[in-house]
Amino acid sequence: MGVSRVGIVGAGTMGQGIATACAGAGLEVLLSDRAADIAARAVEEIAQDLDRDIAKWRHTPSEKKAILGRLRAVDGLQPLERADLVFEAVPVDAQAASLAP
């Protein structure tokens with residue numbers, strides 16, 4: 001059984017990079033964050049990044065369309081149950097990390 005659908009928890013810079021790489025590799029991507037509007041905004045930011053890549057000849061418009069077609073913002077963690085693999089890309093709270101043993 002291979003991986004065809006990935007979930008990503010955390011739609012910040014790292015989560016967006018993982019999402020773009022996975023969608024660019026042909027995987028379906030479910031992108032989640034603490035609020036659905038944050039994940040949706042991340043998809044918009046990815047689209048803007050792809051536009052910059054098109055201007056630099058790194059992607060074609062058809063590649064952008066394909067990548068965005070495999071990328072979906074989801075609400076909460078429940079939709080990630082359908083993923084074959086889940087990445088956690090949530091920033092670590094520096095203060096909490098300093099309390100760890």
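Observations, loosely collected:
- Of the peptides 79-86, 41-48, the order by per-residue mean of other Cβ atoms within 10 Å, starting with the highest, comes out as 41-48, 79-86.
- Electrostatic bookkeeping for ARG70 treats Lys and Arg as +1 and Asp and Glu as -1; over the other residues with beta carbon under 13 Å from its beta carbon, the sum is +2.
- Neighbourhood charge, 12 Å Cβ-Cβ cut-off, centred on VAL3 and excluding it, Lys, Arg +1 and Asp, Glu -1: -1
- In terms of the mean number of neighbouring beta-carbon atoms within 10 Å, the peptides 62-68, 4-10 order highest first as 4-10, 62-68.
- Alpha carbon Rg of the chain, scaled by the compact-globule rule 2.2 N^0.38 Å: 1.14
- Point-charge dipole on Cβ atoms (K/R +1, D/E -1) for the chain, about Cα centre, debye to 20: 320 debye
- Approximate spin-label separation ALA21-ILE38, in nm, with each point projected 7 Å along Cα-to-Cβ: 2.1 nm
- Per residue, in Å², the accessible surface of region 34-90 once ligands and nucleic acids are set aside, probe 1.4 Å: 70 Å²
- Fully extended contour minus Cα-Cα distance, from ALA66 to SER4, at 0.36 nm per residue: 20.8 nm
- A crude spin-label estimate for the pair MET14 and ALA55, with each label 7 Å from Cα along the Cβ direction, gives 2.9 nm.
- Fraction of accessible area attributable to carbon and sulfur, the chain (%, probe 1.4 Å): 56 percent
The values are calculated or read from the model by the stated rules, or taken from the named source; none is laboratory data. On a predicted model such as this, the values are computed, not experimentally measured, just so you know. Note that each Cβ is placed from the backbone with ideal geometry, even for glycine, and that neighbours are counted across all protein chains shown. Surface areas here come from the heavy atoms of the whole protein model, side chains and all, with no ligands, DNA or RNA. Shrake-Rupley method; radii C 1.70, N 1.55, O 1.52, S 1.80 Å.
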